[in-house]
Amino acid sequence: MPEVGTHVGSGKVRELYALDGDRLLLVASDRISTFDVVLPTEIPDKGRVLTGLSAFWFVRTGDLCANHLLAVRPDGRSLECRRLKMLPIECVVRGYLAGSGWKDYQASGEVCGHALPEGLRESDRLATPIFTPATKAETGHDENITREQASGLIGVERVAEVEAASLALYRFASDYAAERGIIIADTKFEFGIDEEGRLVLADEAFTPDSSRFWPADSYAPGAAQPSFDKQFVRDYCESLGWDKTDPGPELPEDVVAGTRARYVEAFERLTERSFDAYLDEPESVLR
Ligand SMILES: Nc1ncnc2c1ncn2[C@@H]1O[C@H](COP(=O)(O)OP(=O)(O)OP(=O)(O)O)[C@@H](O)[C@H]1O
Ligand SMILES: [Mg+2]
C-alpha cells in the first residue's frame, strides 16, 4: 500500500492528505464543476489529465519560478508536493478579454485597475498580458481586486513578486501552447510560501480547469470562444434549461465520452505525448 497520510481537506476537485509535516499528497478526482456547481457525474481520467498536465508544466517552468512538485504517483492522479502556507489571493493573468475581465471592462473600461483602450471586443487579444488578482472566496465566486487591495492582503513587495512570476509563467506557457495550436486566453495560479519565506508556485498549473484554452484555428474575436473542454458540458447543461444552481444535472454517456475526449486532446496537443503512454508510466511526463 502506498503511503496516504491523514486527510486534511477537500476542494471541489482535489482531496488533500498530509504525508508528514513537510509534504502533502494532492489527489485529483474526476469531479467536474460547471458554472461553479460540481455535477453528480464524473469524467473518467479527468483527474489524471489535470495531474499529468500540471506536472508537465512544473518541470518545464522550474527555472522561472520554484514550485511545489516532489513526485507523481503511479496512479497518475496523485501529486506529492511541498506543504506551503498558501497566499490568500488567486493570481490571474489575462492575455485576452474574456469572462469576468470582459464583464469588468464593459462596466468600467478597466480590469483590476488596468485601464484598457476603448473599443475592445469580447475575446480580443490584449496588447500585453495583465495581472488581475482575485480573492479566494470560501464559498461562491472569486472577486476581482485591485493591486492596492491585493497589497492589503499580502503586502506590496509580495504583490510585485507574484505579478512578475505570474507574467513570466504565462508568457512561457502561452508561447509554448501557441506553437501547438492552442491559445491560453487566461490562467490562474496559487502561490505559497515555504519555511524560508520563499515564493513557491503550488496547486495546479495550466490545466483546462485553471485556464481558458481556445483552439487557435477557430479563434474569432467579437464573441465568446468555444473552450477546448468544458464548453461541451456547458452547452449540454444549458440545453436542458438548468438554472445553474446546485444540484446540477446528470450527464448522459455521450456527453461524458465527448468531454473525456476533449480533456485528453488538450493533454496530447500540449504535451505531444499519448495519454495512454502517460497512464502506462505517469513519471514519463517529467522528462
Ligand atoms: N503545496 C500546497 N500546500 C498547501 N495547500 C495547497 C498546496 N497546493 C494546493 N493547495 C490547496 O489545495 C486545495 C486544492 O484543492 P482544489 O483545487 O480541489 O480546491 P479549490 O481550489 O477549493 O477548488 P477550485 O479549484 O475548484 O476553486 C486548494 O485549497 C489549494 O489552495
Ligand atoms: Mg483549485
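The values are calculated or read from the model by the stated rules, or taken from the named source; none is laboratory data. Note that the coordinates shown come from a computational prediction; the quantities given were computed from them, not determined experimentally. Note that we place each Cβ from the backbone using ideal geometry, even for glycine, and neighbour counts take in every protein chain shown. SASA here: full protein model, heavy atoms, side chains in, ligands and nucleic acids out. Shrake-Rupley method; radii C 1.70, N 1.55, O 1.52, S 1.80 Å.
Pairs under 6 Å by beta carbon, first residue within 13 Å of ligand 2 (Cβ to nearest atom) and of a type in the set (D, E) in region 185-210, partner in a loop (DSSP other than H, G, I, E, B) and open to solvent by 30 Å² or more (accessible area, probe 1.4 Å), six or more apart or different chains?
Matching pairs, first to second residue: E190/D203.
With region 188-287 as the region, which helices (runs of 4 or more DSSP H) entirely inside it contain at least 1 residues that are farther than 29 Å from T132 by Cα and charged (D, E, K, R)?
Numbers: elements: 230-239, 253-271, 275-280.
Counting at least 1 such residues, we get 253-271, 275-280.
Give the number of residues within region 247-280 that are among the charged types (D, E, K, R) and surrounded by 13 or more Cβ atoms within 10 Å (Cβ to Cβ).
Counting residues in region 247-280 that are among the charged types (D, E, K, R) and surrounded by 13 or more Cβ atoms within 10 Å (Cβ to Cβ) gives 6.
Filter region 220-246 down to the residues that are hydroxyl-bearing (S, T, Y) and surrounded by 17 or more Cβ atoms within 10 Å (Cβ to Cβ), then identify the one that is nearest to the chain's Cα centre (by Cα).
First pass over region 220-246, keeping only residues hydroxyl-bearing (S, T, Y): 227, 236, 239, 245.
Next, only the ones that are surrounded by 17 or more Cβ atoms within 10 Å (Cβ to Cβ) stay: 227, 236.
Working: S227: 13, Y236: 22 Å.
Applying the filter and picking the extreme gives S227.
Please work out if L70 is in contact with a Cys (Cβ under 6 Å, 6 or more places away or on another chain), surrounded by fewer than 19 Cβ atoms within 10 Å (Cβ to Cβ) and not small (G, A, S).
Yes: the conditions hold for L70.
Only residues that are more than 14 Å from ligand 1 (Cβ to nearest atom), touching a helix residue (DSSP H, G or I) at 6+ places or on another chain (Cβ under 9 Å) and open to solvent by 30 Å² or more (accessible area, probe 1.4 Å): list them for region 174-219, please.
Matches in region 174-219: Y176, A178, R180, R212, A216.
Hey, any hits in region 14-31 for a residue that's part of a helix (DSSP H, G or I), buried (at least 20 other Cβ atoms within 10 Å of the Cβ) and basic (K, R)?
no
Please go through region 1-13 and give me each residue that is surrounded by fewer than 18 Cβ atoms within 10 Å (Cβ to Cβ), in a loop (DSSP other than H, G, I, E, B) and within 16 Å of ligand 2 (Cβ to nearest atom), ordered by number.
Initial filter on region 1-13 (surrounded by fewer than 18 Cβ atoms within 10 Å (Cβ to Cβ)): 1-12.
After this cut, where a residue has to be in a loop (DSSP other than H, G, I, E, B) as well, the list is 1-5, 11-12.
Passing the criteria: G11, K12.
Just checking, which of D36, D22, D45 is under 30 Å from P247 (Cα atoms), touching a residue at least 24 places away in the same chain (Cβ under 8 Å) and away from ligand 2 (no atom under 15 Å from the Cβ)? Talk me through it step by step, then tell me what you get.
On the way: D36 fails: away from ligand 2 (no atom under 15 Å from the Cβ); D22 fails: under 30 Å from P247 (Cα atoms).
Being under 30 Å from P247 (Cα atoms), touching a residue at least 24 places away in the same chain (Cβ under 8 Å) and away from ligand 2 (no atom under 15 Å from the Cβ) holds for just one of D36, D22, D45, which is D45.
Any chance you could count how many residues in region 76-88 are out of contact with any helix residue (DSSP H, G or I) (no Cβ under 6 Å at 6 or more places or on another chain) and either near ligand 1 (Cβ under 9 Å from one of its atoms) or open to solvent by 60 Å² or more (accessible area, probe 1.4 Å) (or both)?
Step one: of region 76-88, the residues out of contact with any helix residue (DSSP H, G or I) (no Cβ under 6 Å at 6 or more places or on another chain) are 78, 80-86.
Still in the list and also either near ligand 1 (Cβ under 9 Å from one of its atoms) or open to solvent by 60 Å² or more (accessible area, probe 1.4 Å) (or both): 81-86.
Residues flagged as out of contact with any helix residue (DSSP H, G or I) (no Cβ under 6 Å at 6 or more places or on another chain) and either near ligand 1 (Cβ under 9 Å from one of its atoms) or open to solvent by 60 Å² or more (accessible area, probe 1.4 Å) (or both) within region 76-88 amount to 6.
Go through the residues of region 40-63 one by one and say whether even a single one is more than 25 Å from E265 (Cβ to Cβ), among the aliphatic types (A, V, I, L, M) and at pLDDT 95 or above. Full working, then the answer.
Keep residues of region 40-63 that are more than 25 Å from E265 (Cβ to Cβ), which gives 62-63.
Still in the running and among the aliphatic types (A, V, I, L, M): none.
Looking through region 40-63, none of the residues is more than 25 Å from E265 (Cβ to Cβ), among the aliphatic types (A, V, I, L, M) and at pLDDT 95 or above.
Select from region 100-138 the residues that are touching a residue at least 40 places away in the same chain (Cβ under 8 Å) and of a type in the set (K, R) and write down the one among them that is least open to solvent (accessible area, probe 1.4 Å).
Looking at the filtered set, the residue picked out is K136.
What tally of residues in region 34-65 results from selecting those that are in contact with a helix residue (DSSP H, G or I) (Cβ under 7 Å, 6 or more places away or on another chain), open to solvent by less than 30 Å² (accessible area, probe 1.4 Å), of a type outside the set (S, T, N, Q) and part of a helix (DSSP H, G or I)?
Of the residues in that region, 7 qualify.
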